[in-house]
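The values are calculated or read from the model by the stated rules, or taken from the named source; none is laboratory data. It should be emphasised that the depicted structure is a prediction, and the values quoted were computed from it without experimental measurement. All Cβ positions, even for glycine, are placed from backbone atoms using ideal geometry, and neighbour counts span all protein chains on display. Note: areas computed on protein heavy atoms with side chains; ligands, DNA, RNA excluded. Shrake-Rupley method; radii C 1.70, N 1.55, O 1.52, S 1.80 Å.
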Amino acid sequence: MATSSIRKAAVIGSGVMGSGIAAHLANAGIEVYLLDIVPPNPGEGDDVNDPAFRNRFAASNKKKLAKTKPSPIYSKRDLDLIKPGNTTDHLEWLADADWIIEAVPESVKIKQDTFSKVEEHASDEAIISSNTSGLSIDAMLEGRSDSFKSRFLVTHFFNPVRYMKLLELVEGPDTDPAVTETIERFGEDVLGKGIVYGKDTTNFIANRIGVHGMMTIMHLMDDYDMTVEGVDVIFGKPMGRPRSAVFRTADMVGLDTFMHVAKNCYDTLTEDEERDIFQVPGFMGDLVEQGMTGQKAGGGFYKKTKEGIQTLALEEGSLDYRPRNKPKFDSIKGAKGSPADRIKKVIVDGDDKAAEFAKEVTLRSLAYTARRLGEIADDVLNIDRGMRWGFNWDLGPFQVWDALGVEWTAQQMKEADIDTPGWVDEMVAAGVESFYKWENDQEFYYDVFKGEYVPVKRSEREVSVDLLKRAEGDHKVFGNSSASLWDMGDGVALLEFHTKMNAVDPDLIDMMHKSIDEVESGDWEGLVIGNDSTNFSAGANLMLVVMNAKAGNWDDIESMVRNFQDANQRMRYSSKPVVAAPKGLTLGGGAEVAMGANAIQAAGELYMGLVEVGVGLIPGGGGNLQLMRNVFGMHAGDKDFDALPFLQKIFMAIGMGEVGKSCEESRELGLLTQNDRVTINADFLLHDAKQRVLGMANSSFKAPRPAKFRLPGPDGVATIDMLLYSMEQNGQISAHDRLIGTKLATVLCGGQTSQSVQITEQQLLDLEREAFMSLCGEEKSQERMQYMLMNNKPLRN
């Protein structure tokens, strides 16, 4: 019987995918062996018996993880959980592994040989899986025992593993369902993946549909006189696709990798009615032959130069680069609103060539996907999730079909002489108007083979504002245009921000005060601060600050800052526990809201920092105090504690606008404490934050005591200013940078205090507010704020 608990894993094959899988296992706190072959061709001077030589492939690929961008690891410390070895000397390690993942080259023979060795050394309870992108399970498992086959399945991760939500699971004919359940549970709960069930067919679900769609675009673009950037203008955000669209996506994936996937489809899908679509266009083959394989090679369809972004002039039959020239289309310009609204606006309402191109590509792609139903997956749900989670589409194919209208889309396909499976006509004839529907907070999808709607399975840990809105009864307590308070059940309230980018403004701050009034005075256990958005909060409403500064409305600015400081302090010292649930961008004021809570339940993908210096300011909502409180901890008021070395660390974090690019990097910066916890699966974040509140409430929660600090005062400011002076003299910073730095140092060092005197939190907040206000009045700071608003990047003046 296979294990139901995964505590240690092994990955065989340390290439891009293998090392990426190992890295993400380490992110989740799992010890992992990373094995690769012994280098077959020793060089002059290599000692073939030296472990450093024999483990070279795995060890060097582990080392690369620390330098790869974007980083596959949450923290360099996670690398300590990865132990490199080789498949000659260390196969006995496999006996300790609960899950063994094969990620060797896509060759049946290599995989067969690998599994033969695995079976000889692995535990009889170990789960074994392959990361193959489409090789036959039967072929890979030839010669393996029944026990081995029962513990085997395909676990197809997408690259980069840390960031791509999709994990495709494919069972073999003998896979024990309990094994699949274990990997599904582990994949969702521990690795934070979205699980999709595919079938044992070439390239499974996402790559089969995604590559078909991209290849269709490439084959049809000449018919519509489309350029590379023209295609990407259409098939980006307007069509519910990622900004990288088509050709930029191909560059990021690697044209050689993309070609391999397409060629695999063409070579193996001999019965596919659209097999020829998978034939790689000549221009792509020529690019790969010349080494122009995309981003990793410095150029593919796009190339970054000193003059700007260059694009291939494919419309001229050339592989020469020219300046990028994004065309404008009326149909694309009018594509606003939700993904469904945008897609419908282009395809149904558009009447230019961009709309006609998008329409033909979409109809052909939707029909092809419909014809694959039953072959690559059993239902529309798995296909849609595969495309959303694997290709970052806003809507899956059948959700797009719903957006356009089931009957309208079917009729357009008929008029275009595009074949559809019989169930489409049956669905239309039966009057079924959509593939998905909601009844209160339960979503259903239409099972085309059963001819009925089936509930979408949802984990009890999936909690969202959207579900609260849909649930029977009124779960909204109150709200305004910037934020709302919701009843999560079990006596826990949820404060949701819903401004643009969840930016902090006066109405939002007012809701913070009203929410804590309600929770403290009512029959509540506590409060969660969180939302359904990709980003927790990108910071304060900078436009409001600039406008008031330009108008000289200093009282309005000071009132907003003071109220924001007070709101964060009230959250901290509330009589009921407050837990923040940050994810994505948590910057400036957003970080201050999170750090103001009693505890943080953070998403793994957290990008957190106090970045106000980038717009000529310093943190004004308590961020300086909060970071000092986190870093100093219990030693803040200790008379024997030397604060200056720690203040310098805090100064650099704020002064350089450092952003933690994960939950653990944020912890290393002091933005999270050792007591703050992480939920890797963002879908479960609000549930876990709620449970944290209940746990605190049920264990005699008591608000913490306010901290008192012993700080170096003017002596500390002088020490930091010496550093700033040196940097200014060396041209590393401007005079205005130095001014900002001096004001920041004054706040951090406690103003006119000394080590012998304890300073209160309120005194630090007063110093912070004074410095913030003075910088708002500086012309160069106002220029920085305006430049950021206009250009979305900092100005150094």
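Given a Förster radius of 56 Å and the C-beta distance between SER726 and SER123 as r, what FRET efficiency does 1/(1 + (r/R0)^6) yield to the nearest 0.05?
0.40
So, by mean Cβ neighbours within 10 angstrom, what's the order for 229-238, 290-299 with the highest one leading?
Output ranking for 229-238, 290-299: 229-238, 290-299.
LEU79 to VAL454: extension gain in nm, 0.36 nm per residue of separation minus the Cα-Cα distance?
So the chain would gain 130.7 nm between LEU79 and VAL454.
Tell me, what is the FRET efficiency for SER5 and LEU789 to the nearest 0.05, using R0 = 60 angstrom and their Cβ-Cβ distance as r?
0.70
Report the full-extension gain for the segment ASP352 to ARG796: residue separation times 0.36 nm, less the Cα-Cα distance, to one decimal in nm.
155.5 nm
I need the shape label for region 626-748. Rule: rounded when a/c is under 1.5, else prolate if a/b > b/c, else oblate, with a, b, c from the alpha carbon gyration tensor.
Oblate, since a/c reaches 1.5 and b/c is not below a/b.
Hey, got the dipole for the chain? About the Cα centre, +1 on K and R Cβ, -1 on D and E Cβ, debye to the nearest 20?
Dipole of the chain, to the nearest 20 debye: 2540 debye.
Report the antiparallel proportion of the DSSP beta bridges in the chain as a percent, rounded to a multiple of 5.
In the chain, DSSP labels about 45 percent of beta bridges as antiparallel.
What residue among GLY621, PHE641, MET652 has its Cα farthest toward the positive end of the dipole of region 575-671, where the charges are +1 on Lys, Arg and -1 on Asp, Glu, each on the Cβ?
Positive-most Cα among the choices belongs to GLY621.
Tell me, what is the FRET efficiency for ASP474 and ASN41 to the nearest 0.05, using R0 = 45 angstrom and their Cβ-Cβ distance as r?
0.05
On the protein heavy atoms, probe 1.4 angstrom, tell me the percent of accessible surface of region 431-484 carried by carbon and sulfur.
Answer for region 431-484 is 43 percent, counting heavy atoms of protein chains only.
Protein chains only, probe 1.4 Å: how do ILE277, ILE376 rank by accessible area, largest first?
Solvent-accessible surface, decreasing: ILE277, ILE376.
Which residue, chosen from GLN565, THR201, VAL747, occupies the Cα position most advanced towards the positive end of the dipole of the chain, where the dipole is computed from +1 (Lys, Arg) and -1 (Asp, Glu) charges on Cβ about the Cα centre?
Highest projection toward the positive end goes to VAL747.
Relative to the first principal axis of the alpha-carbon coordinates of the chain, what is the inclination of helix 735-748, with its axis defined by its Cα atoms, in degrees from 0 to 90 and to the nearest 10?
Its long axis makes an angle of about 70 degrees.
Where the only charges are on Cβ atoms (+1 Lys, Arg; -1 Asp, Glu), what is the dipole of region 683-797 about its Cα centre, to the nearest 20 debye?
With only Lys, Arg, Asp and Glu charged at Cβ, the dipole is about 400 debye.
Largest first, how would LYS62, LYS326 line up by accessible area (1.4 Å probe)?
The residues order as LYS326, LYS62, largest area first.
Using a 1.4 Å probe and counting only protein heavy atoms, arrange GLU188, GLU307 so the residue with the most accessible area comes first.
So the residues, ranked largest to smallest area, are GLU307, GLU188.
Of PRO177, LEU191, VAL154, which is farthest along the charge dipole of region 154-202 in the positive direction, counting Lys and Arg as +1 and Asp and Glu as -1 at C-beta?
Among PRO177, LEU191, VAL154, the one farthest towards the positive end of the dipole of region 154-202 is LEU191.
Tell me the net charge near ASP96. Cut-off is 12 Å between Cβ atoms, ASP96 excluded, with +1 for each Lys or Arg and -1 for each Asp or Glu.
-1
Check cross-link reach from LYS450 to the lysines: straight Cα distance under 21 Å, and skip same-chain residues fewer than eight apart.
By straight Cα distance, LYS450 reaches LYS199, LYS437.
Considering only protein heavy atoms and a probe of 1.4 Å, how much of the accessible area of region 534-591 is carbon and sulfur, as a whole percent?
51 percent
Whole angstrom only: what separates the Cα centroid of region 546-608 from the Cα centroid of region 484-539?
11 Å
So, taking all protein chains as they sit and a 1.4 Å probe, how much accessible area belongs to GLU426, in Å² rounded to tens?
120 Å²
Using +1 on the beta carbon of Lys and Arg, -1 on that of Asp and Glu, and nothing else charged, what's the dipole of region 388-493 about the Cα centre, debye to 20?
Magnitude of the dipole: close to 360 debye.
How high is the relative contact order of region 1-101, given as a whole-number percent (alpha carbon pairs under 8 Å, six or more residues apart)?
Dividing the mean separation by the residue count of region 1-101 yields 39 percent.
Quick check on the chain: take the gyration tensor over C-alpha atoms, sort the square-rooted eigenvalues as a ≥ b ≥ c, and tell me if it's rounded (a/c under 1.5), prolate or oblate.
Here the chain falls in the prolate category.
Looking only at region 169-190, which residues have a backbone nitrogen under 19 Å from a spot 7 Å from the Cα of GLU462 in the C-beta direction?
169-170, 181-190
Could you give the nm distance between label points at THR742 and LYS263, where each point is 7 Å from its Cα heading toward the beta carbon?
Label at THR742, label at LYS263, 6.4 nm between them.
If the limit is 18 Å between Cα atoms, which of LYS500/LYS583; LYS514/LYS576; LYS328/LYS793; LYS67/LYS649; LYS193/LYS583 go over it?
Table pairs above 18 Å Cα-Cα are LYS328/LYS793; LYS67/LYS649.
Could you sort the peptides 692-705, 109-122, 673-686 by per-residue average Cβ neighbour count (10 Å cutoff), highest mean leading?
673-686, 109-122, 692-705
Taking 8 Å as the Cα distance limit and 6 or more residues as the minimum spacing, I'd like the relative contact order of region 148-270 as a percentage.
Computed value for region 148-270: 18 percent relative contact order.
Once neighbouring chains are kept in place and the probe is 1.4 Å, which whole percent of the accessible area of region 73-118 is contributed by carbon and sulfur?
For region 73-118, the apolar C and S fraction of the accessible surface comes to 50 percent.
Work out, step by step, the length gained on full extension between SER107 and GLU518: first 0.36 nm times the residue separation, then minus their alpha carbon distance; give nm to one decimal.
141.7 nm
If we count every other residue with Cβ under 14 angstrom of LYS109's Cβ, Lys/Arg +1 and Asp/Glu -1, where does the sum land?
-2
With a 1.4 Å probe and every protein chain left in place, work out the accessible area per residue of the chain in Å², rounded to a whole number.
43 Å²
Which shape class applies to region 18-128: rounded if a/c is under 1.5, otherwise prolate when a/b exceeds b/c and oblate if not, where a ≥ b ≥ c are the square roots of the Cα gyration tensor eigenvalues?
Oblate is the answer for region 18-128, as a/c is 1.5 or above yet b/c matches or exceeds a/b.
Explain nothing, just the number: relative contact order of the chain, from Cα pairs under 8 Å at least 6 residues apart, as a whole percent.
It rounds to 8 percent for the chain.
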